[in-house]
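Quick notes on the structure that follows.
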Amino acid sequence: MSQIIRDSTHYTENSQSLIDIFLVTSPDDVIDCGVGEPFLDQNESFHCQIYCILHLNRTTASTFRREVWKFFQGYSLRLFEIVFLHFLALLF
């Protein structure tokens with residue numbers, strides 16, 4: 001794993017430090033990353049947000065087709081025919 005944020009994210013009057021990390025398993029997938037501006041106006045200490053834009057491959061879900069039986073709308077007879085024909089095929 002690689003830490004991709006290199007700049008300081010927390011500042012005080014006397015020091016600065018990196019307290020926010022962003023770990024990635026593949027640094028080649030990182031398009032852009034960095035440290036933003038402080039989001040609160042404070043004179044003594046402040047904290048900056050981090051950001052990262054990744055290139056991710058989107059996988060498509062496999063789809064399938066199915067038939068929905070609506071028994072109360074007259075399809076129960078068709079189902080009976082299919083079951084009965086399969087049963088007869090087993091007998092003969």
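Laboratory data are not the source of any read-out in this text; all were calculated from the coordinates shown. Note that the structure is a prediction, hence the values are computed from the model and not measured. Heads up, the Cβs are rebuilt from the backbone with ideal geometry, glycines too, and the neighbour counts pull from every protein chain shown.
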Neighbour-count order for D41, D20, D32, fewest beta carbons within 10 angstrom listed first: D41, D32, D20
Share of Cα-Cα pairs in segment 2-54 lying beyond 16 Å, as whole percent: 44 percent
H10, H55 arranged by Cβ crowding within 10 Å, fewest neighbours leading: H55, H10
Placed amide H near L54: partners under 5 Å, 5+ positions off or other chain: I31
